[in-house]
Amino acid sequence: MFNDLTESTKTDGKGRIRSLGRRASIFSMAGALSTLAFWGLRRSTFAERPKTPDQGPKTVEVVEFSARGERLGTATLLRIRKTDNEWQKQLSSTAFWITRRDDTEKPFSGATWDEHGRGIFRCICCDLALFSSEAKFDSGTGWPSFWQPIAAENVVETVDSSLMMERTAVSCRLCDAHLGHVFNDGPAPTGLRYCMNSAAMRFIAL
C-alpha cells in the first residue's frame, strides 16, 4: 500500500508538472494574442476617423531645404490633398496606416530608429523636410527621436485625446501626414522629445 501510494503521488506530481507546463504555454499564447489584438484594435479604431482632403487651409507656409540640406527660405505652397485611393497607391500599407490613419509602428521595428548617419528626414508623403540628424538622439524608446524639428513651420502640433489619454500629436504642415507625438522629457536645449514613426519619413543621407 505504501508503494502504491508513493507511486500514485509521483504520478500525480508528474501530472501536475505537465499541467503547469501546459498552463504556462497557454498563458504565453494568450499574452501574444492580446498584443496582436491590441494592435488590431488600434487599426479598427483609427479607421473610423480618416483625414478628409477638404480639411485645413488651401495654402500653407513652410521652410524649404535643398537636396544638400541648405535652408532655402519660406515658401507659400498649395496644401497637398489626395484621396485615400491615391495615398494607398503611393504608400506602403504601413506608411498609409500611420500617416493617413494616425497609427503607430511597433517599437524597434522601423528602419531609422537606430539611424546614426548625417542627413535629413523628409515626409514619406510629400518630401517636406521635417527633422535633421543634428537634432536626433537615442531615447531608448525604439522610435526615432529628435529634440526639435528642422523648422517649426514645417510641423503642426494638435491635442490627441485617443487611447484614453491626452498627448500632443505631430503632423506634416504640407500634407497633414501623422508623424508621431511630442513629449516634455527630452534633452537640452529644448527639453522636448519628438517621438516619430520611421515609416512616416524617409532618410536622405548628406
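Taking a sphere under 13 Å around the Cβ of Cys195 and counting the other residues whose Cβ falls inside, with K and R at +1 and D and E at -1, yields a net charge of -2. With kT/(6 pi eta Rh) evaluated at 4 °C and eta = 1.567 mPa s, and Rh the Kirkwood radius from Cα pairs, the range 59-205 diffuses with a coefficient of 85 µm²/s according to Stokes-Einstein.
Highest mean packing comes first when the peptides 160-172, 192-204 are listed by Cβ atoms within 10 Å, giving 192-204, 160-172.
Under the shape rule built on the C-alpha gyration tensor, where the axes satisfy a ≥ b ≥ c, the range 62-129 is oblate, since a/c reaches at least 1.5 while a/b does not exceed b/c. Across the range 172-187, the residues whose backbone nitrogen lies under 12 Å from the label position 7 Å along the beta-carbon direction of Val156 are 172-179.
Read-outs: derived from the displayed coordinates by stated rules, not from any lab. Source: prediction; values computed, not measured. Here Cβ is always computed from backbone atoms with ideal geometry, including for glycine, and neighbour counts include all displayed protein chains.
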